[in-house]
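The next block holds one structure in the form of structure tokens; read it before the comments.
The values are calculated or read from the model by the stated rules, or taken from the named source; none is laboratory data. Quantities reported herein were computed from a predicted structural model and do not represent experimental measurements. All Cβ positions, glycine included, derive from the backbone under ideal geometry; neighbour counts span all protein chains shown.
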Amino acid sequence: MSKPSEAPATSPGDVSGEEPGEGIALARLLAMGFRLAITGLHERLAERGWDDVRPPYGFVLLALRTGPSTVTDVAALMGMTKQAASQLVDAMAQSGYLVRTVDESDRRQRALSLSAKGRTLLGAVEEIYAEIEAEWADMAGGDDLRTTRDALTRIVLTANDGALPAVRPTW
């Protein structure tokens, strides 16, 4: 009795039988790298006790890292409705990551800012990103990773008239 032929193992990242890395569009590799970083970040955050942090929180942390903002601004930055941004901000405030204060320039608005817990979380995120980046440098080579960062920085700056754009999720 003959053995049935075994089909080659495939994975969600399989590219039509090609060798890994060959012919994969750069945009796809960048998306895979982003997913790898975000998954690694959230696994490590959970290991360190930050198990209530959801991926969208990072975009709000970035929006507030330089100072207070409003729900309207967060909604615009993230490309979501004001109602959806309000729900996200409410969840973050209930978890103690944000504080709301009356905006003195427009008392109808509530200014959002990072609480001490939110600033501590932001520090943990930055520390973990540095760890992940160091691991990637070990895998790819520090010089290659610096070259990649420099090239991506030039592309992003050139495409955005010399400014870094807001980081926003794609829904």
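So ALA111 ticks every box in (1) touching a residue at least 24 places away in the same chain (Cβ under 8 Å); (2) touching a helix residue (DSSP H, G or I) at 6+ places or on another chain (Cβ under 8 Å) but one. Which box is left unticked?
The single condition ALA111 does not satisfy is (2).
What are the residue pairs meeting all of these: first residue in the range 156-167, first residue without any contact (Cβ under 8 Å) to a residue 12 or more places away in the chain and surrounded by 10 or more Cβ atoms within 10 Å (Cβ to Cβ), second residue assigned to a helix (DSSP H, G or I) and not hydroxyl-bearing (Ser, Thr, Tyr), Cβ atoms under 8 Å, and 6 or more apart or on different chains?
Final answer for the pair search is PRO165/VAL156.
So, of the residues in the range 25-62 that are touching a helix residue (DSSP H, G or I) at 6+ places or on another chain (Cβ under 8 Å) and among the charged types (D, E, K, R), which turns out to be surrounded by the fewest Cβ atoms within 10 Å (Cβ to Cβ)?
ASP51
Among the residues of the range 94-120, write down those that are surrounded by 15 or more Cβ atoms within 10 Å (Cβ to Cβ) and either hydrophobic (A, V, I, L, M, F, W, C) or at positive phi (or both).
LEU98, VAL99, ALA111, LEU112, LEU114
Would you be able to tell me the number of residues in the range 63-108 that are of a type in the set (Ser, Thr, Tyr), touching a helix residue (DSSP H, G or I) at 6+ places or on another chain (Cβ under 8 Å) and farther than 22 Å from TRP50 by Cα?
Count: 3.
In this structure, does ARG149 turn out to be more than 14 Å from VAL60 (Cα to Cα), surrounded by 11 or more Cβ atoms within 10 Å (Cβ to Cβ) and among the basic types (Lys, Arg)?
Details: more than 14 Å from VAL60 (Cα to Cα): yes; surrounded by 11 or more Cβ atoms within 10 Å (Cβ to Cβ): yes; among the basic types (Lys, Arg): yes.
Against the criterion (more than 14 Å from VAL60 (Cα to Cα), surrounded by 11 or more Cβ atoms within 10 Å (Cβ to Cβ) and among the basic types (Lys, Arg)), ARG149 qualifies.
Say we look at the range 124-144 and pick out the residues that are closer than 18 Å to ILE38 by Cβ and without any contact (Cβ under 8 Å) to a residue 40 or more places away in the chain; which of these is surrounded by the most Cβ atoms within 10 Å (Cβ to Cβ)? So that I can check it myself, show each step before the final result.
Quick first cut of the range 124-144, residues closer than 18 Å to ILE38 by Cβ only: 124-136, 139.
Narrowing further to those that are without any contact (Cβ under 8 Å) to a residue 40 or more places away in the chain: 126-127, 130, 133-136, 139.
Numbers: GLU126: 12, GLU127: 12, ALA130: 10, GLU133: 14, ALA134: 12, GLU135: 11, TRP136: 18, MET139: 9.
Going through the qualifying residues, I end up with TRP136.
Restricting to the range 66-86, name every residue that is surrounded by 14 or more Cβ atoms within 10 Å (Cβ to Cβ) and either under 22 Å from VAL125 (Cα atoms) or aliphatic (A, V, I, L, M) (or both).
Those that are surrounded by 14 or more Cβ atoms within 10 Å (Cβ to Cβ) and either under 22 Å from VAL125 (Cα atoms) or aliphatic (A, V, I, L, M) (or both): PRO68, SER69, VAL71, VAL74, ALA75, ALA76, LEU77, MET78, MET80, ALA84, ALA85.
When you scan the range 45-71, how many residues do you find that are under 22 Å from ARG107 (Cα atoms) and without any contact (Cβ under 8 Å) to a residue 12 or more places away in the chain?
Total satisfying the criteria: 1.
Within the range 97-114, is there a residue that is within 22 Å of LEU61 (Cα to Cα), out of contact with any strand residue (DSSP E or B) (no Cβ under 6 Å at 6 or more places or on another chain) and assigned to a helix (DSSP H, G or I)?
Among the residues of the range 97-114, not one is within 22 Å of LEU61 (Cα to Cα), out of contact with any strand residue (DSSP E or B) (no Cβ under 6 Å at 6 or more places or on another chain) and assigned to a helix (DSSP H, G or I), which makes the answer no.
Looking at GLN83 and the list (1) closer than 18 Å to VAL167 by Cβ; (2) at pLDDT 90 or above, which single condition is not satisfied?
Exception for GLN83: condition (1).
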